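K.L.:
Below are the structure tokens for one structure; questions will follow.
Read-outs throughout are calculated quantities, based only on the coordinates presented, and are distinct from any laboratory measurement. Remember, it's a predicted structure, so these values are computed and weren't measured experimentally. Glycine also receives a Cβ, built like all others from the backbone with ideal geometry; neighbour counts cover every protein chain displayed.
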Ligand SMILES: [Fe+2]
């Protein structure tokens, strides 16, 4: 086994360039089921980024896009169920945000991946999820932490 990796090894540059969203501890809300799913979604987005970057064809892109959209749907369902059980008073507003994002996701994924530039879809996903995790969900996590009995 070599004791030092040289820059000439082709896979070394891949290590630094194929992650779109690097998970940061500040993304955690302190709600294990929600944090786990957010990490899972970020992971599926990074898989999609890899497939696009290395020009995999539709046979890989289709299931990975399916994974991103399906995971999103499941996450929203579980998050809404969790908030309902916690008696979160702004559940309806949060549900509307989920609905808007779900519609934008299916519209943008179709337009960007199949008709335009897939990079646009990746940028959309990154912006969208960072906003969801760091802003929208932080509103309910603050509320739940403040009202913890
Ligand atoms: Fe969420």
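K.L.:
Just grab the label-to-label distance for residue 84 and residue 103, each label 7 Å out from Cα along the Cβ direction, in nm (one decimal).
P.N.:
Placing both labels 7 Å beyond Cα along the Cβ direction yields 2.1 nm.
K.L.:
Put a dot 7 Å past each Cα toward the Cβ at residue 23 and residue 148; how far apart are the dots in nm?
P.N.:
Modelled inter-label distance: 2.0 nm.
K.L.:
Would you kindly calculate the mean projected area, averaged across all directions, of the convex hull enclosing the Cα atoms of region 22-149, in square nanometres?
P.N.:
On the way: hull surface 30.3 nm².
In nm², the orientation-averaged hull projection of region 22-149 is 7.6.
K.L.:
What length, rounded to one decimal in nm, is gained on full extension from residue 43 through to residue 136, with 0.36 nm per residue of separation minus their alpha-carbon distance?
P.N.:
Working: separation 93, 0.36 × 93 = 33.48 nm, distance 1.96 nm.
Here the segment from residue 43 to residue 136 would lengthen by 31.5 nm.
K.L.:
With a Förster radius of 41 Å, plug the Cβ-Cβ distance of residue 92 and residue 54 into 1/(1 + (r/R0)^6) and report the FRET value to the nearest 0.05. Can you show the working numbers first?
P.N.:
On the way: r = 42 Å, r/R0 = 1.02.
That pair, residue 92 with residue 54, gives E of 0.45.
K.L.:
Quick one: compute the contact order of region 31-146, relative version, from alpha carbon pairs under 8 angstrom and 6+ residues apart, as a percent. Intermediate values should be presented prior to the final figure.
P.N.:
On the way: 50 pairs, mean separation 34.4, N = 116.
The normalised contact order for region 31-146 reaches 30 percent.
K.L.:
Sticking with this structure for a sec: Alpha carbon centre of region 121-149 versus region 51-114: separation in Å?
P.N.:
14
K.L.:
For the residue pair residue 123 and residue 74, what label-to-label distance in nm results when each label sits 7 Å from Cα along the Cα-to-beta-carbon direction?
P.N.:
3.1
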